[in-house]
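J.: Encoded as structure tokens, here's the structure I'll be asking about.
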Amino acid sequence: MEDHKNNKTVIYQCNGVNCRKKKGKLLHYYMKKYKLKNKIEVDIIDCNNRCQQAPVLHLHPDDIWFSEKDLGTVIKRYILNK
């Protein structure tokens with residue numbers, strides 16, 4: 001879902017056991033690198049049973065599930081190019 005209150009895209013970050021174990025810091029790295037604080041909101045979600053792709057992220061409103069290793073591509077394609 002898009003946060004209509006401030007028109008930010010939302011990236012949901014899985015907080016399941018496997019994702020927490022493999023939790024990288026790429027999301028926060030890209031947030032700083034591209035100055036995305038005013039463009040996206042990060043929220044935590046419960047386990048979504050996609051453990052083989054851990055750590056898992058979900059982009060709303062585009063409804064895209066992806067692994068953290070694909071984060072750079074997703075940010076460039078769906079957030080920076082809007």
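J.: List the Cys residues of the chain that have no partner Cys with a C-beta closer than 4.7 Å.
T.: So far as the 4.7 Å Cβ criterion goes, CYS47, CYS51 stand without a partner in the chain.
J.: Here is a further query. Could you look at the chain and say what percent of its accessible area is carbon and sulfur, using a 1.4 Å probe and all protein chains? Kindly include the intermediate steps, with their values, before the conclusion.
T.: Working: 2570 of 5510 Å².
Of the solvent-accessible surface of the chain, carbon and sulfur hold 47 percent.
J.: Hey, another quick one. Could you state the accessible area per residue of the chain in Å², with a 1.4 Å probe and every protein chain left in place?
T.: Using a 1.4 Å probe on heavy atoms only, each residue of the chain averages 67 Å².
J.: Be a star and scan region 13-31 for residues whose amide nitrogen sits under 12 Å from the point 7 Å along the Cα-to-Cβ vector of ASP46.
T.: Output list for this probe position: 15-16.
J.: Would you compute, from DSSP H runs of 4+ residues alone, the mean residue ellipticity of the chain at 222 nm, taking -39500 (n - 2.57) per run and dividing by the full residue count, rounded to the nearest 500?
T.: -5000 deg cm²/dmol, from helical runs alone.
J.: Which one is right for this structure if Kirkwood radius over Cα pairs in Å is calculated from it: [x] 12.7; [y] 12.2; [z] 13.8?
T.: [x]
The values are calculated or read from the model by the stated rules, or taken from the named source; none is laboratory data. Being a predicted model, the structure only gives us computed values, none of them experimental. Cβ coordinates were reconstructed from backbone atoms using ideal geometry, including for glycine residues, and neighbour counts include every protein chain displayed. These accessible areas exclude ligands, DNA and RNA; they are computed on the full protein's heavy atoms, side chains included. Shrake-Rupley method; radii C 1.70, N 1.55, O 1.52, S 1.80 Å.
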